[in-house]
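> Just passing along the structure, written as structure tokens.
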Amino acid sequence: LAAQSTCPQIASHEGSSMRILRLLSIVALAFLLNPSAALAIDIPEFSPKVVDPDGYLASVDKQFVNEALQGIRESSHIWGAVFIISTLDGEPIENVAVEAFEHWQLGQKGADNGLLLVLAMNDHQSRFEVGYGLEGVIPDVVALRALDAHLAPKLRAGDTAGAIMDAFEFL
């Protein structure tokens, strides 16, 4: 049995509360179905295999990284990509990485063998987003070691392309 108020003011208030609750539920569902709507930064279109809208890599370095990632794809069947941005604009790097990974549909369908490196240069943050098919091969602890021991030292030395390649080669 449903409880119902006999006071018109309370019944009216309960009706407003239900409408507000329904509206909040719809908004929450919209964010769950489209998480990019909640991001402060836009995910650009994919330009294989390095997306570098702010031009951190010289064209020769970008070509070098693209060719090396193609070699990794052919030899290890890992579909690597790199997303280099200036800032996360306050977003957690995890959210940006997941959104880019999903937006670009990295990896082969059914194999889930995508691997995305996100570099937020001004924020000094980096993250590997690993496809489900690679999680057993590249656990979080191994990805973290690639970032800390292989990527970070060369980034500090100003060698962005070398840093990217060292991290991918370690993995």
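The values are calculated or read from the model by the stated rules, or taken from the named source; none is laboratory data. Bear in mind the structure is a predicted one, so any value in this text is a computation, not a measurement. No Cβ is skipped: glycine too gets one built from the backbone with ideal geometry, and neighbour counts run over all protein chains shown. When the accessible area is computed, the model is the full protein with side chains, heavy atoms only, and any ligands, DNA or RNA have been set aside. Shrake-Rupley method; radii C 1.70, N 1.55, O 1.52, S 1.80 Å.
> Look at TRP104 and say whether it is under 19 Å from PHE46 (Cβ atoms), crowded, with 19+ Cβ neighbours inside 10 Å and more than 11 Å from the chain's Cα centre (by Cα). Walk me through it before giving the result.
Numbers: under 19 Å from PHE46 (Cβ atoms): yes; crowded, with 19+ Cβ neighbours inside 10 Å: yes; more than 11 Å from the chain's Cα centre (by Cα): no.
For TRP104, the condition - under 19 Å from PHE46 (Cβ atoms), crowded, with 19+ Cβ neighbours inside 10 Å and more than 11 Å from the chain's Cα centre (by Cα) - is not met.
> Does LYS109 fit the bill of being assigned to a helix (DSSP H, G or I) and open to solvent by 20 Å² or more (accessible area, probe 1.4 Å)? Lay out the reasoning, then the answer.
Numbers: assigned to a helix (DSSP H, G or I): no; open to solvent by 20 Å² or more (accessible area, probe 1.4 Å): yes.
So LYS109 does not fit the description; no.
> Check whether at least one residue in region 115-125 is in a strand (DSSP E or B), open to solvent by 30 Å² or more (accessible area, probe 1.4 Å) and under 19 Å from ILE84 (Cα atoms), and report yes or no. If you could, list the steps in order and put the result at the bottom.
First pass over region 115-125, keeping only residues in a strand (DSSP E or B): 115-120, 125.
Retained after the next criterion (residues that are open to solvent by 30 Å² or more (accessible area, probe 1.4 Å)): 125.
Cutting the leftovers down to under 19 Å from ILE84 (Cα atoms) gives us 125.
Among the residues of region 115-125, at least one is in a strand (DSSP E or B), open to solvent by 30 Å² or more (accessible area, probe 1.4 Å) and under 19 Å from ILE84 (Cα atoms), which makes the answer yes.
> Yes or no: ALA167 touching a Lys or Arg at 6+ places or on another chain (Cβ under 6 Å) and crowded, with 20+ Cβ neighbours inside 10 Å? Don't jump to the end; show me each part of the working.
Details: touching a Lys or Arg at 6+ places or on another chain (Cβ under 6 Å): no; crowded, with 20+ Cβ neighbours inside 10 Å: yes.
No: the conditions fail for ALA167.
> Right, something else. Out of all the residues in region 126-150, which are open to solvent by 80 Å² or more (accessible area, probe 1.4 Å) and β-branched (Val, Ile, Thr)? So that I can check it myself, show each step before the final result.
Residues of region 126-150 open to solvent by 80 Å² or more (accessible area, probe 1.4 Å): 132, 135, 137, 140-141, 144-145, 148.
Across region 126-150, the qualifying residues are VAL137, VAL141.
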